[in-house]
Amino acid sequence: MKKYVVGIDVGGTKIQLGLFDENNKIILGKHFLTDKEIGAGELMDLLAAQVRKLAAQAELTLDDIRGVGAAFPSYIDYEKGVCVETSNIMSLNDQPVRDMLSERLNLPVYVDNDGNLAALAEHEIGAGVGIDNLIYAELSTGIGGGLILNGKLYRGMHGMAGEIGHMLISDSTGYPCGCGVIGCVQSISSGHYMARYAMDRIKEGEESRILDYAGTISNIDTLAVGRALNVNDPLALEVVNRGAEYLGRMFHSLNQIFDINVFIYGGGVTNLGHRFVDRMIAAYRHHSLMDQKYPARFIPSALGADASLIGAALQVK
């Protein structure tokens, strides 16, 4: 029996690959930066070449690989294996990524949304083991998520459920998002747009230690915001409170829709630390009337940055 599986996580910032054994353990991995301008065919060529290199590094051939699972930051038609819409890598839109990669490797390929697969991984081997109903939230460059309902990953009618980052939560706040609207939670509370808000406030003349840590306005990111937050910089505090407030509203709306109050959260934005997370949870509790009777559980991811990669591998039958 072929006991090895390859997982791929195509992110908006970087691409990860991992070779997994029969116990779902990563035995070899690699990563590289995402070229957002790359064509779909070129990307599939690159991924296929990297899978072959990964196998060769482990002194294996593709004949030793049972299959490949891939996570994309996209709306995925799961049944067809088609990437319907991607805000970060536009060339993937309407592309049959499953078949494209399978043809290049002559292996079974399984594809799904990265948030779905992170939710699957946390439920099966991470922080959500034993919890039949939970919502996973990936708070990163963008905001994604996944739903576990009655012990199973819920994909919806077209394989596109769980895109919590594009919930419309404001008609007056936020930046234009790749999803086509202004005011979704991603356009306010994602790492990309939190950093952009800090940039704009500084351009308007606001003095901030954020710039000391970033060096230049164009280099501002959540890492610089976090460092400024640690020295109680007022703008950093404003950025963090603003992002956390709208995330709290998002979780409240999700609770109202699904009657689920177990939230697993991960992603680079959570590296802002407990002041950000505490403010996010406080915002949820402020808006939720039912929290006093049914207190929500906010649980940090157990699998961290590897959640989607592990979930990708877990897809392979």
Simple spin-label estimate for Leu223/Glu42, 7 Å along Cα→Cβ, in nm, reads 2.6
In order over segment 147-156: 3J(HN,Hα) from phi, Karplus 6.51/-1.76/1.60, θ = phi - 60°, whole Hz, x for each Gly or Pro, gives 10, 10, 10, 6, x, 10, 5, 9, 9, x
Fewest to most Cβ atoms within 10 Å: Ile135, Ile264, Ile182 sort as Ile182, Ile135, Ile264
A correct Karplus calculation of ³J(HN,Hα) over segment 204-218, with 6.51 cos²θ - 1.76 cosθ + 1.60, θ = phi - 60°, whole Hz and x for Gly and Pro, returns 6, x, 5, 7, 7, 6, 3, 5, 4, 7, 7, x, 9, 4, 5
The set of residues whose placed amide H lies less than 5 Å from the amide H of Glu85, leaving out same-chain residues fewer than 5 positions away, is Tyr75, Asp94
With the 8 Å Cα cutoff and a minimum separation of six or more residues, the chain has a relative contact order in percent of 19
Rounded to whole angstrom, the alpha-carbon centroid of segment 4-73 lies from that of segment 182-248 at a distance of 33
With 0.36 nm assigned to each residue of separation and the Cα-Cα distance removed, Phe258 to Asn150 gains 37.7 nm
quick note, segment 130-301, DSSP beta bridge pairs, % antiparallel (nearest 5) is 60
If R0 = 22 Å, then Asn271 and Lys80, at their Cβ-Cβ distance, give a FRET efficiency to the nearest 0.05 of 0.05
For the chain, one quarter of the surface area of the C-alpha convex hull, expressed in nm², comes to 16.5
Note on the chain, DSSP bridge orientation, antiparallel percent to nearest 5 equals 60
A chain fully extended from Thr173 to Ile125 at 0.36 nm per residue, minus the present Cα-Cα distance, gains in nm 13.5 nm
On the formula 1/(1 + (r/R0)^6), with r taken between the Cβ atoms of Leu28 and Leu237 and R0 of 45 Å, the FRET efficiency rounded to 0.05 is 0.60
If amide H atoms are modeled at 1.01 Å from N in the peptide plane, then the residues at a separation of 5 or more from Val262, or on another chain, having amide H under 5 Å from its own are Ile135, Arg297
Scattering profile of segment 200-300 from the Debye formula, Cα beads only, expressed as log10 I(q)/I(0) at q = 0.12, 0.15, 0.18, 0.19 Å⁻¹, is -0.45, -0.64, -0.82, -0.88
Under 5 Å from the placed amide H of Cys184, counting only residues 5+ away or on other chains, we find Ile169
One computes Rg over Rh for segment 130-301 from alpha-carbon atoms, with the Kirkwood Rh, and obtains 0.99
Exposure proxy check on Lys80, Lys3: fewest-to-most Cβ neighbours within 10 Å is Lys3, Lys80
Links exceeding 31 Å between C-alpha atoms in this model, out of Lys53/Lys80; Lys14/Lys203; Lys30/Lys317; Lys293/Lys317; Lys36/Lys203, come to Lys293/Lys317
Computed from the beta carbon distance with a Förster radius of 45 Å, FRET efficiency for Ala58 and His158 to the nearest 0.05 stands at 0.75
Pseudo-spin-label distance Asp21 to Met90, built 7 Å along Cα→Cβ, given in nm, is 4.5
Output ordering of 287-295, 151-159 (per-residue mean of other Cβ within 10 Å, highest first) is 151-159, 287-295
Per the helix-only model, the chain has a calculated mean residue ellipticity at 222 nm (DSSP H runs of ≥4, -39500 (n - 2.57) each, divided over all residues, rounded to the nearest 500) of -11500 deg cm²/dmol
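None of the figures in this text is laboratory data; all of them are computed from the coordinates on show. All figures in this text were calculated on a predicted structure; none of them were measured in a lab. For neighbour counting, all protein chains shown are included, and Cβ atoms are generated from backbone atoms with ideal geometry for every residue, glycine included.
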